[in-house]
Amino acid sequence: PGSTMTYSPLNGDPLSTGVTSANFTCSLPSEGLKNGNSLPVVYGHGLLGSADEAASTLVQHTAATNNSVYCSTDIIGLSEADTTSAAAALADISKFPSIPDRLQQAMLNTMFLGRLLTNLDGLGSAKEFQTSAGANMLNNAQAFYDGNSQGAIFGGAVTAVSNQWTKATLGVGGMNYSTLLDRSVDFNKFLPILEKSYPSSVDQQLVFGVIQMLWDRGETSGYVQHLTDRAYDRTPKHQVLMTVGFGDHQVANITTQNIARTLGIKMYQPALPIGATIVPEPFYGIDPIPSFPYSGSALFFWDSGTLAPPLGNITPIMSQRYIADCTGANADQVDSPRCADPHEDPRRQPGVIEQKKEFFTPEGAIIDPCDDQPCIAKPADEFDY
């Protein structure tokens, strides 16, 4: 943490400085350990998290339900181990280059994890990944990617450059941290550090704009033009399935819609119940999915009953509607659907898990999990995973 790449003085390219190791954690389904044919999935963890998220009850449930092996490695640069150095970079922006430099190494680590899952001499050759009969439990034809939150923001970047998988699900993600930070409750605990060193709100916006030019190297915004159809040389085209929690407190909906508008990704309609939004054309410039099963990239909104995102560059809990409905005399309503953060909801919906099962096959397409009605999400705390 806090380290940066070593660059060649001749051409500015990164130089190898020795052996780099990366930890990983995997969840294995009992069905695969018995009968094999498990799909290999690379998992992207959340903000300042770790590879151990691959052992969470949610990932275990998804792996078991879909007979998939889920493996994750630390997204270094924005992993748990980087928390202190990330805070230090906000106090002194000259330290910020460490974050995108390490994120690029994380991209390489993640792609090698995908290779370990598909290569016949990789994980499938180890006894831990073999069936009771001693056979490789993995279906090595192709890997897939599944990331949530930070794992989706980073996931768009690593998917664009990956030759290890062609299909990715990006849950509650987006692009452009410079747009996201002021709109995310996650940044609230870090904002005082920035304010102490850069008290002017004008300076803060300048900082966001400057560091975004570096951050582009390690998040979707720097690679989005090549994420789906306009692939890089020697890199396959990719297909992405994006899911959004309407009114998300941590990753602003607008940052996901920016990806859809940039790439012409179609979205599921009807997206939301009538009256859920507070703007007349919330999805301008995004066309509906014509029919199912669908073979392109797609965007799905899931509605938990949360208040609509506020207008302006603020977090949802700073909006007048939230303050009126969820604080003061109404503080006891903070756990109601209107006030609750839906960030964790989409990934737990049985319909989303079923979508992944159908999508994560070489010929698999995107299905409609909501029967031509708005996708309504149950709160995360109503599930035991």
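The values are calculated or read from the model by the stated rules, or taken from the named source; none is laboratory data. Everything numeric here is computed off the predicted structure, so don't read it as measured data. FYI the Cβ positions are ideal-geometry reconstructions off the backbone, even for glycines, and counts take in every protein chain you see. Ligands, DNA and RNA are stripped out before the accessible areas are found, and what is left, the full protein with its side chains, is counted by its heavy atoms. Shrake-Rupley method; radii C 1.70, N 1.55, O 1.52, S 1.80 Å.
Hydrophobic long helices, here whole DSSP H runs in the chain with Kyte-Doolittle means of at least -0.5 and Cα atoms spread over 15 Å or more along the helix axis, are found at 98-118, 150-161, 201-215, 253-263. FRET efficiency for the residue 281 to residue 323 pair, using the beta carbon distance and R₀ = 30 Å, is estimated at 0.70. Computed over protein heavy atoms with a 1.4 Å probe, the accessible surface of the chain works out to 44 Å² per residue.
3J(HN,Hα) along segment 295-301, derived from phi through the Karplus expression 6.51 cos²θ - 1.76 cosθ + 1.60 where θ = phi - 60°, amounts to 9, x, 8, 8, 10, 10, 9 Hz, with x in place of Gly and Pro. Placing a label point 7 Å from the Cα of residue 232 along the Cα-to-Cβ direction, the residues of segment 101-120 whose backbone N falls under 20 Å of that point are 101-119. Applying both filters, DSSP loop and at most 11 other Cβ atoms within 10 Å, to the trypsin sites (Lys or Arg not before Pro) of segment 240-346 eliminates every site. A straight chain from residue 52 to residue 115 at 0.36 nm per residue would run longer than the Cα-Cα distance by 20.7 nm.
Checking the cross-link pairs 189/237; 127/167; 95/127; 167/196 against a 32 Å limit on the alpha carbon distance flags 189/237; 95/127; 167/196 as lying beyond it.
Shown here for segment 23-84: chymotrypsin sites (Phe, Trp or Tyr not before Pro) in loop regions (DSSP other than H, G, I, E, B) with at most 15 other Cβ atoms within 10 Å, of which there are none.
Counting only the heavy atoms of the protein chains, how much of residue 5 is accessible to a 1.4 Å probe, in Å² to the nearest 10? We get 50 Å² for residue 5.
Considering only alpha-carbon pairs that sit under 8 angstrom and 6 or more positions apart, the relative contact order computed for the chain is 15 percent. Element breakdown for the chain at a 1.4 angstrom probe: carbon and sulfur atoms account for 53% of the accessible area.
Converting phi to 3J(HN,Hα) with the Karplus coefficients 6.51, -1.76 and 1.60 and the offset θ = phi - 60°, segment 372-382 yields 6, 10, x, 7, 9, 9, 7, x, 4, 6, 8 Hz in sequence order, with x at every glycine or proline.
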